[in-house]
Amino acid sequence: MKDIEVKSIDDIAPYSGPNAIAGIRFRPARAALGVTAWGMNVLDLDPGCTGYPEHDHAHDEQEEVYVVLTGEVSLVVGQERTPLRAGDMVRVPATVRRKLVTEGSGARVLAIGATPGAAFKATM
């Protein structure tokens, strides 16, 4: 087929630059597939991973959707923990500070983001 791109997640090399976080393999899926309409990354989080940074997207108004592909992960918002397992999806508005943590098992999470009503601009 013409104009399609097929990649295995495991064939997307994880980010290894100066901002790499121990226990997380951040795979730039958007760039690997040539997607230009939204951001998309795959996060492999080791068991007991707490290094995923708490953040929001108030500065760029980007909302995110996390899709748990394998394993279990908790979405932490303030003092609330929402357990998520394979097959679960969650939408997080831009202004909500969030963090992903794993406990007994690791997880593979697809993270998709874009700013409603705005043209997407890749940053990396």
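Derivation of every value follows stated rules applied to the coordinates shown; laboratory data play no part. What you see is a predicted model; the values in this text were computed from it and never measured. In this analysis, Cβ positions are derived from the backbone assuming ideal geometry, glycine residues included, and neighbour counts consider all displayed protein chains.
Please name all residue pairs, on different chains or six or more residues apart, with Cβ atoms under 7 Å, provided the first residue is in the range 30-50 and is free of Cβ contacts under 8 Å to residues at least 60 places away in the same chain and the second residue is part of a strand (DSSP E or B).
Close Cβ pairs (under 7 Å, with a partner that is part of a strand (DSSP E or B)) amount to C49/I24; C49/V101; T50/V101.
Just to be sure, is D10 under 24 Å from E103 (Cα atoms), in a strand (DSSP E or B) and either without any contact (Cβ under 8 Å) to a residue 40 or more places away in the chain or in contact with a Pro (Cβ under 8 Å, 6 or more places away or on another chain) (or both)?
No.
Scan the range 65-119 for residues that are assigned to a loop (DSSP other than H, G, I, E, B), in contact with a Gly (Cβ under 7 Å, 6 or more places away or on another chain) and either buried (at least 18 other Cβ atoms within 10 Å of the Cβ) or of a type outside the set (A, V, I, L, M) (or both) and jot them down.
Correct list: T102, E103, S105, G106.
So, in the range 32-64, how many residues would count as being outside any loop (DSSP other than H, G, I, E, B), exposed (fewer than 15 other Cβ atoms within 10 Å of the Cβ) and under 14 Å from the mean Cα position of the chain (by Cα)?
Summing the residues that are outside any loop (DSSP other than H, G, I, E, B), exposed (fewer than 15 other Cβ atoms within 10 Å of the Cβ) and under 14 Å from the mean Cα position of the chain (by Cα) in the range 32-64 gives 1.
For A13, are the conditions met, namely being over 14 Å from the mean Cα position of the chain (by Cα), among the hydrophobic types (A, V, I, L, M, F, W, C) and over 18 Å from V76 (Cβ atoms)?
yes
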